[in-house]
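The structure that follows is given in the form of structure tokens.
The values are calculated or read from the model by the stated rules, or taken from the named source; none is laboratory data. Small disclaimer: the values here were computed from a predicted structure and weren't measured. Glycine also receives a Cβ, built like all others from the backbone with ideal geometry; neighbour counts cover every protein chain displayed. These area figures cover heavy atoms from the full protein model, side chains too; ligands, DNA and RNA do not enter into them. Shrake-Rupley method; radii C 1.70, N 1.55, O 1.52, S 1.80 Å.
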Amino acid sequence: MIGIKEFNKKITSLKNTRKMTKTMKMVSASKFKRAHKAQLGAEEYARKITGLMGRITSYGMVSHPLMVTKKAVTKGLIVLFTSDKGLCGGFNNNLIRKTRHWITENPYKYTTIGMSFCGRRGYMSFRRSAKINKYYENITMKPDYNDAQKVVQDITQDCMKGDYDEIFLAYNRFDGPLTQTPVIEKILPLDPSDFTKHVAGSGTKAPKAQNYSYEPEEKEILNFMVPKFLNFKVFFTLLENAAGEHGARMAAMDKASTNTGDLIDRYTLLRNRARQAAITTELIEIISGAEALK
């Protein structure tokens, strides 16, 4: 049976743990506020640039190498965005589980499925089982546009050289501080119909394709817009990943603090019961000894 001394050790340890989880919650709340502000600031630009691409492609401007779908699709690449650190609930595990499920669902469509990683947790999970294409270290904690450009440069080269026919982004879409939805979506080759749907969904009537004169030339417009769109798409994904990570960690640490408090209350009650039982036993022994002396 556990004694009072052991109960005191457990309670002291749990109190120290609660201090740590509360501190981590406050730190995550501060980081989440900054990450969420950056994500909200970029969200409007993301809608605008997607809408602009929708209007451009609605006029039939699709003559770009990264917008041409290959007839034979056999090689796919997944760029997985996770966190570098843990202690954020199911933020990483849910996405990793969805990615594994997606890979097992497509064994016949792709003869080769490669993986690139933004975030240590994803890399550590797949490093022994996946064909690793690239691993980008230390870019998810503090999203930077230059890092996004580096990722886009690599995947566009892979697509242009024919190393991979289709490229996907796997990330947690930020729906709120307590909700992140695992998403796997194709980024290359770009599908003009996706942009057209965005224009239709925004309430703007998509114009019919006609023969227009462009200034500058159509090729020059697309050569400027396509890299811009891809760079910002990956950058926005990094922002959503950072906001979701801090939100998930904040919620996880809050739950951990609550559970630790419940354990402290439970062990305190058990310690008090053990102390009362010890006192009762001593009283019984004293009374029994007194009765024996009579």
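What angle do you read, to the nearest 10 degrees and between 0 and 90, between the alpha-carbon axis of helix 145-161 and the longest principal axis of the chain?
60 degrees
If I stretch the segment between N138 and D175 completely, what's the gain in nm (0.36 nm per residue apart, minus their alpha carbon distance), one decimal?
10.9 nm
How large is ³J(HN,Hα), in whole Hz, for each residue of segment 124-133 in order, when computed from phi with the Karplus curve 6.51 cos²θ - 1.76 cosθ + 1.60 and θ = phi - 60°, using x for Gly and Pro?
5, 6, 10, 4, 9, 10, 10, 7, 7, 8
Heavy-atom accessible area of S30 with all protein chains present, probe 1.4 Å, nearest 10 Å²?
My reading of the accessible area for S30 is about 60 Å².
So what J values fall out for segment 163-176 if you push phi through Karplus, 6.51 cos²θ - 1.76 cosθ + 1.60 with θ = phi - 60°, rounded to Hz, Gly and Pro as x?
Using θ = phi - 60°, the values come out as 5, 9, 8, 9, 10, 10, 9, 10, 7, 9, 6, 7, 9, x Hz.
Here is a follow-up. Amide H of I139 versus every other amide H placed in the peptide plane: which residues, excluding those fewer than 5 positions away on the same chain, fall under 5 Å?
Under 5 Å from the amide H of I139 lie the amide H atoms of G119, each far enough along the sequence or on another chain.
What percent antiparallel are the DSSP beta bridges of the chain, to the nearest 5?
Rounded to the nearest five, the antiparallel share is 35 percent.
Another one. Can you list residues whose amide H is under 5 Å from I78's amide H, if they're 5+ apart or on another chain and H is modeled 1.01 Å from N?
Close amide H contacts, sequence-distant or interchain: G114, M115, S116, F168.
Near the amide H of R173, under 5 Å away, which other amide H atoms are found, from residues 5 or more places off or on another chain, if H is placed in the peptide plane?
Hits under the 5 Å cutoff: T181, V183.
Quick one: 3J(HN,Hα) in Hz for segment 234-240, Karplus 6.51/-1.76/1.60 with θ = phi - 60°, rounded, Gly and Pro as x.
Along segment 234-240, the couplings run 5, 5, 5, 5, 4, 5, 5 Hz.
For segment 51-151, what is the convex hull (Cα atoms) projected area averaged across all directions, in square nanometres?
For segment 51-151, the mean projected area of the Cα convex hull comes to 8.7 nm².
Going through the cross-link list K131/K186; K33/K228; K25/K142; K233/K255; K71/K219, which pairs have a Cα-Cα distance over 25 Å in this structure?
Those over the limit are K33/K228; K233/K255.
By average Cβ neighbour count within 10 Å, what is the ranking of 70-77, 34-41 from highest down?
34-41, 70-77
Per residue, how big is the convex hull around the C-alpha atoms of the chain? Give it to me in cubic angstrom, could you?
167 Å³
Carbon and sulfur together cover what percent of the accessible area of the chain at a 1.4 Å probe radius?
On the chain, the fraction of accessible area on carbon and sulfur atoms equals 54 percent.
Same structure again: Relative to the compact-globule scaling 2.2 N^0.38 Å, provide the ratio for the alpha-carbon radius of gyration of segment 79-208.
Cα-based Rg divided by the globular estimate yields 1.15.
Which value, in Å², gives the accessible area per residue of the chain when a 1.4 Å probe is used on the protein heavy atoms?
So the chain comes to 57 Å² accessible per residue, rounded to a whole number.
Then there's this: Two decimals is fine: what is log10 I(q)/I(0) at q = 0.28 Å⁻¹ for segment 1-70, from a Debye sum with one equal scatterer on every Cα and no solvent?
-1.11
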